[in-house]
Amino acid sequence: MKNHSDLGLEDSQLIQNFSYINGHWHSSESQISVTNPANGNEVAKVSNAGVIETELAVNAAKGALKMWSAKSANERAGLMRNWFNLMMQNQDDLGRILTLEQGKALSEAKGEVAYGAAFIEWFAEEGKRVYGDTIPGPSGDKRIIVIKQPVGVVAAITPWNFPNAMIARKAAAALAAGCTFVVRPATQTPLSALAMAELAQRAGIPAGVFNVVVGDDASGMGKVLTQHPDVAKFTFTGSTPVGKTLLSQCATTVKKVSMELGGNAPFIVFADADIDAAVEGALLSKYRNAGQTCVCTNRIFVQNEVLEQFTEKFTAGVEKLAIGNGLDDGVIIGPMISSKAVNDVDKLVQASIAQGAKVILGAKKDPAGENFYQATVLSQVSNDMPVAKNEIFGPVSPIIAFDNEEEVIAMANDTEFGLAAYFYARDIGRIWRVAERLEYGMIGINEGIISNAAAPFGGVKQSGSGREGSKYGLDDYLEIKYLCLGGLDK
Ligand code: NAP
């Protein structure tokens, strides 16, 4: 194991090696090795918690619930503001930890920290606006009153592709609503979660309010988080197949559930689009995090009149994306999370080539290391090829030509997913028509990057349910309670 001081951090205490339960760091007998996907080097060892520690964390969250929910929204906001400030003050270190365990380029990692922290800041304020209603009743002697209350203990499971922000997005809304929180981060990327716990402690967030359990028993720990009777709400970000399993487990105790699952985002370039802007948007939307985001462009549809122009300009842009260790200057595309992920992407690419897709760029593993895949552009792709049917989760752009609006909307909607979609056009009639007919939870119109704390993030169809961010995101952590006040005529 590296000495923490070798990792190039200003504050080596941000590397924590134990689960954080009820305000304490919990060691376990066995350990997990966290490695850097760029080179396989060990970054740190972390205690391998399991079912028992997960139950302890749920108990801690239950124990802290009365105290936390009884605080005023202002008090909670003050503590969350401290947490936000500490995250931003430590943005460089948190970004470095994120790149070391996850691989993305350092500038992107720091961007993720700021994005995650922004949810904590935004929800701290929004928590002050949990309004109810007074409704005139059906008879003069009654009033209907609606209040909103925290759901209770929230359990979360998060993926490796955004080790900071996927936790921040959930915890921010939960804590602002007055809920307490237990998260099990992905086994490959626990360090960002533990650094957040360290900062939560320094911020004065009371013991038991924010708990992190790290362990490789995904199924066993997942069963506790989805079936424990004291967990009122379960929130998950990850793949659709795992989400379905967890959803069915939640049915045993009828939990309130939010699911942020997989995507297959279309990116449509109409002939009336600003082509340079479309190229820029597609590059950002496709290649950040080496293509490993749920809202990454998965299929690029280009209208025939501008196909050649777009493809040339886009390919020229992709050629400039430097690949390498995310800590190195100028690198845009870091490693993928594992060699299995590289092989999975390559299989989709090779199977599509076998079905007639043409390689314009890449389509192979990169000599930078076993976890690197070259930025790839494929043309002459059809909507039924493996790269179009599946969530690629890698740096691969399949380009599909189309003739007209009707045809492209049908192709774009021809998937079980419905998370994000993007299109570039200038005609206002077309913009409304297409935006309304795309069956997706989020639509970027002349924009390739769309997520922020003020906007509702989430999908339809098999991309999930519930929203994160915005006033709607807070509602996901609140119960509506109806009070019937009678006897007013006495
Ligand atoms: P994944 O395999 O579903 O894993 C996500 C999390 O679930 C990890 O913490 C994993 O633990 C855990 N897990 C796996 N099997 C489990 C089980 N049987 N019981 C309980 N927990 C279990 O997904 P991934 O490959 O890490 O992440 C990529 C997927 O996430 C993509 O499909 C992507 O689109 C989606 N995603 C969606 C959003 C969104 O907001 N919609 C955002 C980011 C990512 P281990 O780490 O131990 O395997």
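Can LYS471 be described as touching a helix residue (DSSP H, G or I) at 6+ places or on another chain (Cβ under 9 Å), among the charged types (D, E, K, R) and in contact (Cβ under 8 Å) with a residue 24 or more places away in the chain?
yes
Kindly establish whether GLY356 is in the same structural domain as SER285 (by TED's automatic domain parsing), of a type outside the set (A, V, I, L, M, F, W, C) and under 28 Å from LYS110 (Cα atoms).
no
Where in region 397-486 are there strands (runs of 3 or more DSSP E), lying wholly inside it, with at least 1 residues that are under 30 Å from ALA316 (Cα atoms)?
420-424, 442-445
Has region 101-114 got at least one residue that is small (Gly, Ala, Ser), closer than 24 Å to LEU14 by Cα, assigned by TED's automatic domain parsing to the domain that holds SER12 and in contact with a Leu (Cβ under 6 Å, 6 or more places away or on another chain)?
Scanning region 101-114, I find at least one residue that is small (Gly, Ala, Ser), closer than 24 Å to LEU14 by Cα, assigned by TED's automatic domain parsing to the domain that holds SER12 and in contact with a Leu (Cβ under 6 Å, 6 or more places away or on another chain), so the answer is yes.
Which count do you get for residues in region 221-249 that are within 19 Å of the chain's Cα centre (by Cα), of a type in the set (A, V, I, L, M, F, W, C), more than 8 Å from the ligand (Cβ to nearest atom) and buried (at least 21 other Cβ atoms within 10 Å of the Cβ)?
Selection size over region 221-249: 1.
Output the number of the condition that GLN380 fails; it satisfies all remaining conditions of (1) on the phi > 0 side of the Ramachandran plot; (2) buried (at least 18 other Cβ atoms within 10 Å of the Cβ).
Failed condition: (2).
Can you tell me how many residues in region 25-64 are at pLDDT below 95 and of a type outside the set (S, T, N, Q)?
1
Determine which member of the set ALA105, ALA118, ALA114 is more than 28 Å from VAL58 (Cα to Cα) and surrounded by 19 or more Cβ atoms within 10 Å (Cβ to Cβ).
Unique residue meeting the criteria: ALA105.
Have a look at ALA38, ALA44, ALA60 and point out the one that is surrounded by 18 or more Cβ atoms within 10 Å (Cβ to Cβ), in contact (Cβ under 8 Å) with a residue 60 or more places away in the chain and in contact with a His (Cβ under 8 Å, 6 or more places away or on another chain).
ALA44 is the lone residue from the list that is surrounded by 18 or more Cβ atoms within 10 Å (Cβ to Cβ), in contact (Cβ under 8 Å) with a residue 60 or more places away in the chain and in contact with a His (Cβ under 8 Å, 6 or more places away or on another chain).
Please determine whether any residue of region 385-392 is assigned to a loop (DSSP other than H, G, I, E, B) and crowded, with 24+ Cβ neighbours inside 10 Å.
yes
List the number of the failed condition for ASN90; all other conditions in (1) surrounded by 19 or more Cβ atoms within 10 Å (Cβ to Cβ); (2) farther than 19 Å from ALA193 by Cα hold.
Against the list (1) surrounded by 19 or more Cβ atoms within 10 Å (Cβ to Cβ); (2) farther than 19 Å from ALA193 by Cα, ASN90 comes up short only on (2).
Quickly run through region 250-292 and pick out the residues that are more than 16 Å from the ligand (Cβ to nearest atom), assigned to a strand (DSSP E or B) and surrounded by fewer than 23 Cβ atoms within 10 Å (Cβ to Cβ).
LYS256
The values are calculated or read from the model by the stated rules, or taken from the named source; none is laboratory data. Remember, it's a predicted structure, so these values are computed and weren't measured experimentally. Cβ coordinates were reconstructed from backbone atoms using ideal geometry, including for glycine residues, and neighbour counts include every protein chain displayed.
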